[in-house]
Structure formats: C-alpha cells, structure tokens
Amino acid sequence: MDYKNTVEFQNAKFGMFIHWGLYAVPAGRWKGKSMDYVGEWIQSKFRIPNSEYAELAKQFNPDCFNADEWVKCAKNAGMAYIVFTAKHHDGFAMYHSRVSRFNVVDATPWGRDVLRELAYACRRHGMKLGIYYSHCLDWRESDAGDPGSDSRKNFGMSWGNDWDFPDHANKNFNAYFHRKALPQIRELLTEYGPVFLLWFDCPVQITLEQATELRDLVHELQPDCLIGNRIGHDLGDFGCLGDNQSPAGRSKIPLESANTINHTWGYKKDDHCWAGAAKIINDLLACSEKNVNYLLNVGPRADGRLPEASIDILEEIADWREQNKVIIQGIEGNPFPQAFPWGYCTVKGRILQFFVTGNQRSISISGLRSRIKPCNMPFSQEGKKLCIELPEERKDNLPLVIQLECMDEPEFEAYPSPQDGVLMLSPAQGEIIAGNSAEEWDIDVKLEPDGERMRAEDSCRLAVSGALTQWHHQGDGICWDIAINEAGTYEFRLLTENRKHSAAWTGARTVRIEFAGQVLERELENDEVISSSYYHKSASVIGSMKLNGTERGRLHVLNCSIESPEAIDMNLTAVKICRQEGVLQL
C-alpha cells in the first residue's frame, strides 16, 4: 500500500460518487412500470434483453454535460475526490474503450469521452479522480459473473444476466475476466492520468487467484492507486462499508462509507426522497469523528445535469462550511475516549471543532486537560471540565460549529466517563473477549451472494465498521475501563445492528453486563428503534445500577446464549450508559 496516497485518502474525508450511464435514460421507468429499487439495476429488474437495452445508447445525448461544473460543485461543498462509474453492471463503458464498442463514444450520437473530460476538469481544479469499475458483473457478456440460481437473489433480481444467457453451467468467468475486465482496467490506468483509487464492486464469483492478478495489474500500472476492498478476498488497500452503512467506531484500516443523496445511485425521476443538507452534514460528521471517509453519491440526469435538488443541497453544505470556516480535510477524529451525546468532535493540531446538533443552551465537556484560548462564545473552564454557553436562537437546523484553540498540544483523560450524564462506548475502543470457541453449533448461515458463510468455530472480532461481530459463543464479548464521576442511577443499553442489508432486527440473545461488583442480565428486546432503513438498528435496555460516583474499573459485556440462527447476524455497535434524573445521595 502506498503510504502517501493512504495518508491523502484518510485526510480527504469527503468525496463525491457519480453513478451515470445508460440507466439515466429510462430513469427508473420501463414500459409504463416504475422501478422499486435503485435505478442502475433497471436492466436486471425488468430482465431487459441486451438487444433492447442497447437502443438506449441511441438516445443518450447529454448536451448539458459540463465536467467543470460537476467538479466545482463538489469542491465548493468541501469534497476532495470524485469517484466516477467507468462501467457499471450493464457493461456500458462511460469512456472510449477499444476493448468493447459498447461505449459512450462509439455507441451514442453524442460521441464524447466523459471520463477524459472529467479527468481534465479534476486536474484543473485540484480534485482527485477515482474510478468505479464493475469487475465481476457485466450483463452484456455471456461469461461474466453469475453466482447461479442457488445463490440468494439481490432483492429478487438476478446478479448475472440469466435472461439472455441462461446456460449457467457453460459460463466461463475466467474467459470474460481476461477478455474484457483486465484489458479495460489497463485502459483506465494508462489513458486517463493519475487515478487516486479504484472502486470495485460485487465480487460474486472472483477467485483469490483472479483478484490477486487484478490487484497486481493495478499496482504494476499505477503503484500509487489505492484499491477498495470490494475487489474481493480482503485484498483492498481501504475498506468499504455496506451501501448507506454508518461506522460504529474507528476502523483499524482506512475506511469509507458510501451513501446516496436520495434512495438511488443512478438517476430515477420518481425518487424525490432527498436526504437534505442537515442529514448529510450529520452523516459526514459522524464519519469524520471516527476517521472514516464519507462518499456522497449524486446521479446525473440523462442530459448531463445534476438534479436541481442535489445542487441545492450541495450549495447549502457549501454555505454552511464557508460561513463557519469548517475544517474538513486533514482533520483527525474525536480525540476524547468517548462520544458526546449532543454532537461530534474533530481535531486538527491545537484546534478542536465541536458540532452541536441539539437545541440545548449549553454543553459541558469533561476530560480536557489543556487550557483553551478565548473564543467568540462565553465559557468557563475549571480543571478538566469545560462549559460553553450557546446562542439562544439558531438560524437553521444545521449543526452549530464551535472552534476552540488550545494553548498547547491538547491532552485528554484516558478513561471514558459520562458527558452530560451519558457515556457512549464503541467496541472499537474496547478489548475483545473470546469465549468458548470450541462450542459446537449446528448453524450454517449464508451471508452474501458469493456464498460466504459464517463458520461456527470463528471467534468474535471487530467488523470493518468498528462493531463487534461473530459474538455468538458463550462468553464472547468486550470490555472497557471506564470512570463514573457522579452518583446516581445509571441505565445500561446495548445498540445492535443487523449486518445484513435490509434484514429485520433480531433479539433472541441473552446478554450479561458486569460492573463495580454488580450484574445485569437480560434477553435483548426491541426497546427503541434507532434505524429501520438499510441496516436495522435498535437499542435494548438491559437494566440499571446505583453507583456512588467514584467507580473506576472494568465494564464487561458478555454473550450468554442465543436462541435463533438469525441472532448471529446482529452486531454490537455501542453501549449507552445514561444517568437517570436526579442524583442519589449515597
């Protein structure tokens, strides 16, 4: 892995994903029917024969396309790189490929090389260029990736083209891989200048040998080019979370979270569920404070314009960033050992940035050892506690930005402790406990379309998202050293998330919490829904403890038993400890 590009990737923090192709022409509708899934999957959804789908190329004439406008819109919003779809699953190349004439120059009346124009615009404006390439799925090709009818469908749709090419037994993926995928990657890395990163997708059928060959080719042609882990077989230089998945904590490797600005990647004329600037900024900050990049997708129209709503949202983000002088590139994540219940924190040098998302009149920050310089908001600092008074009125619902400069290099308490009565603990900052890995399980759960399966003998570990995963044996769990600095009754909640996209939340697990000589034990219940879209997440109340405010010790969270195979898929994303109203006089 190239050190310079890895550092630049982690410093970037914010990027734009652009899904653009022939699927923008039907824009989610086919023969009077509307698409109920993401727009770029329209060919598979309606099982459109290649002969019919190819006719869309004759209608592709985006005279409104302006690469400079795209890049300036991204840069003004604070983005540092763009990832463009050179070829998606439909097999259509959005650049001038000599390998296949099914490309934007040879097959359309427009005849311009989108990628070349975008690459030039990126260099003009100091934007890094990344490229998305579907290396396994290609519905144009008879031998391309197809895990077969025995594999789980993608929301009822076929992964490979089994409508034009139903003879699965005689498909030769290796032939497609060497005939088209590798030669097109060679084109992309030799004809468009420096490529910051390659974003592969859906490694449904690729072997370790093939993925290694692809990785080696990339590093041979452009040694500085980073590779996303969706190449398959854990061969990537940086990790990619699931689509629209938020990180649970800091990752051990460079990591990225790809998100949509509405509910689709490729443009759909019927999708008006725009996320809004406030949500996108909150998601960006939630990633940034965990040192995770936030990649925001925009799907251009068939005429080459970004949708008006997308432009409005990006301009609102740009205004918020400019008005508040928000630092995005080069920041580090939250330097405190715990999160804040009222917002987010990042740091760059001696500058601390706090982002307040609620409407409270003041915030308190515990555990800061360094003295701060005067700022534009009233504050008091006593010992390691800082209190800041906030404005009474807010102009909008966007996060309030507070920038504080420490007099010296900032220093922080090592022990996590409650902030405003709330302590949020991430598994990424804890110590993994391996339980009875010899325990026998008669469970075989298929996880992904490529046939990956949970192995019952595997020990619990951190997922790339920072969540605790595979904690299904008795005694599997995690622990933290924490400090409780105020007396009171504290409620303990566990936040769990289904690691399968769109799968329901599942309890069926008994969990034990041990702290300060006290024990809580309960089966997980769906007590509070945190998220019911994409990756279902809920909070489960385990119980309460009375504490005297002087406890400093180890908190254990342990799996006791699971009663359902589906419970294996539930990851632990956080422990939330809340002091109840009133302080106990002990």
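Only one of these conditions is not met by GLU52: (1) touching a His at 6+ places or on another chain (Cβ under 7 Å); (2) more than 27 Å from SER533 (Cα to Cα). Which number is it?
It is condition (1) that GLU52 fails.
So ASP216 passes all but one of these: (1) crowded, with 16+ Cβ neighbours inside 10 Å; (2) not β-branched (Val, Ile, Thr); (3) not in a loop (DSSP other than H, G, I, E, B). Which condition number does it fail?
(1)
Just the residues that are buried (at least 17 other Cβ atoms within 10 Å of the Cβ) and acidic (Asp, Glu), please, taken from segment 412-422.
If the condition is that a residue be buried (at least 17 other Cβ atoms within 10 Å of the Cβ) and acidic (Asp, Glu), then no residue fits.
Does segment 138-159 include one or more residues that are outside any loop (DSSP other than H, G, I, E, B), small (Gly, Ala, Ser) and touching a residue at least 40 places away in the same chain (Cβ under 8 Å)?
Checking segment 138-159: not a single residue is outside any loop (DSSP other than H, G, I, E, B), small (Gly, Ala, Ser) and touching a residue at least 40 places away in the same chain (Cβ under 8 Å).
Keeping to segment 188-205, report how many residues are buried (at least 17 other Cβ atoms within 10 Å of the Cβ) and farther than 14 Å from THR85 by Cβ.
Residues in segment 188-205 being buried (at least 17 other Cβ atoms within 10 Å of the Cβ) and farther than 14 Å from THR85 by Cβ: 5 in total.
Suppose the filter is of a type in the set (Val, Ile, Thr), surrounded by fewer than 21 Cβ atoms within 10 Å (Cβ to Cβ) and under 30 Å from GLU289 (Cα atoms); does ILE261 pass it?
When the stated conditions are applied, ILE261 does not pass them.
When you scan segment 316-337, do you find a residue that is crowded, with 19+ Cβ neighbours inside 10 Å, over 30 Å from LYS72 (Cβ atoms), in contact (Cβ under 8 Å) with a residue 12 or more places away in the chain and among the polar types (S, T, N, Q), even just one?
Checked segment 316-337: at least one residue is crowded, with 19+ Cβ neighbours inside 10 Å, over 30 Å from LYS72 (Cβ atoms), in contact (Cβ under 8 Å) with a residue 12 or more places away in the chain and among the polar types (S, T, N, Q).
Quick check on my filter: what residues within segment 1-36 are assigned to a loop (DSSP other than H, G, I, E, B), farther than 19 Å from SER310 by Cα, touching a strand residue (DSSP E or B) at 6+ places or on another chain (Cβ under 8 Å) and not hydrophobic (A, V, I, L, M, F, W, C)?
Passing the criteria: ASP2, LYS13.
Being assigned to a loop (DSSP other than H, G, I, E, B) and buried (at least 20 other Cβ atoms within 10 Å of the Cβ) is the requirement here; does ILE42 meet it?
Against the criterion (assigned to a loop (DSSP other than H, G, I, E, B) and buried (at least 20 other Cβ atoms within 10 Å of the Cβ)), ILE42 does not qualify.
Among all residue pairs at least 6 apart or on different chains, which show Cβ distances below 8 Å where the first residue, located in segment 514-526, is in the same structural domain as LEU494 (by TED's automatic domain parsing) and the second is of a type in the set (Lys, Arg) and surrounded by 15 or more Cβ atoms within 10 Å (Cβ to Cβ)?
Pairs that qualify, where the first residue is in the same structural domain as LEU494 (by TED's automatic domain parsing) and the partner is of a type in the set (Lys, Arg) and surrounded by 15 or more Cβ atoms within 10 Å (Cβ to Cβ), are VAL519/ARG512; LEU520/ARG512; GLU521/ARG512; GLU523/ARG509; LEU524/ARG509.
Within segment 229-248, is even one residue under 23 Å from SER100 (Cα atoms) and at pLDDT 95 or above?
Yes; the residues of segment 229-248 include at least one that is under 23 Å from SER100 (Cα atoms) and at pLDDT 95 or above.
So, ASP162, is that one farther than 30 Å from GLY15 by Cα and free of Cβ contacts under 8 Å to residues at least 40 places away in the same chain or not?
Criteria met by ASP162.
Say we look at segment 128-166 and pick out the residues that are under 18 Å from ILE42 (Cα atoms) and among the charged types (D, E, K, R); which of these is surrounded by the fewest Cβ atoms within 10 Å (Cβ to Cβ)?
LYS153
Scanning segment 385-411 for residues that are in a loop (DSSP other than H, G, I, E, B) and touching a Phe, Trp or Tyr at 6+ places or on another chain (Cβ under 9 Å), which turns out surrounded by the most Cβ atoms within 10 Å (Cβ to Cβ)?
Here the answer is PRO399.
What pairs can you find where one residue is in segment 226-250 and in the same structural domain as ALA467 (by TED's automatic domain parsing), the other is assigned to a strand (DSSP E or B) and surrounded by fewer than 22 Cβ atoms within 10 Å (Cβ to Cβ), and their Cβ atoms are less than 9 Å apart, with a gap of 6+ or different chains?
Short answer, once both residue conditions are applied: none.
Give the number of residues within segment 355-384 that are exposed (fewer than 14 other Cβ atoms within 10 Å of the Cβ) and not in a loop (DSSP other than H, G, I, E, B).
2
Quick check on GLY236: is it within 29 Å of ASN498 (Cβ to Cβ) and not charged (D, E, K, R)?
Yes; evaluated as a whole, the condition is true for this residue.
Counting only residues that are in a strand (DSSP E or B) and not aliphatic (A, V, I, L, M), how many does segment 310-354 have?
9
Given the conditions (1) in contact with a strand residue (DSSP E or B) (Cβ under 8 Å, 6 or more places away or on another chain); (2) under 27 Å from ASN5 (Cβ atoms), report the number of the one that ASP113 does not fulfil.
(1)
For segment 291-308, indicate whether the set of residues that are surrounded by fewer than 20 Cβ atoms within 10 Å (Cβ to Cβ), not in a loop (DSSP other than H, G, I, E, B) and not hydrophobic (A, V, I, L, M, F, W, C) is non-empty.
The answer is yes, given that some residue of segment 291-308 is surrounded by fewer than 20 Cβ atoms within 10 Å (Cβ to Cβ), not in a loop (DSSP other than H, G, I, E, B) and not hydrophobic (A, V, I, L, M, F, W, C).
Could you grab me the full set of residues in segment 511-540 that are polar (S, T, N, Q), surrounded by fewer than 17 Cβ atoms within 10 Å (Cβ to Cβ) and not in a loop (DSSP other than H, G, I, E, B)?
GLN518, SER531 - these are the residues of segment 511-540 that are polar (S, T, N, Q), surrounded by fewer than 17 Cβ atoms within 10 Å (Cβ to Cβ) and not in a loop (DSSP other than H, G, I, E, B).
The values are calculated or read from the model by the stated rules, or taken from the named source; none is laboratory data. This one's a predicted model, so the numbers in the text were calculated from it and none came from an experiment. In this analysis, Cβ positions are derived from the backbone assuming ideal geometry, glycine residues included, and neighbour counts consider all displayed protein chains.
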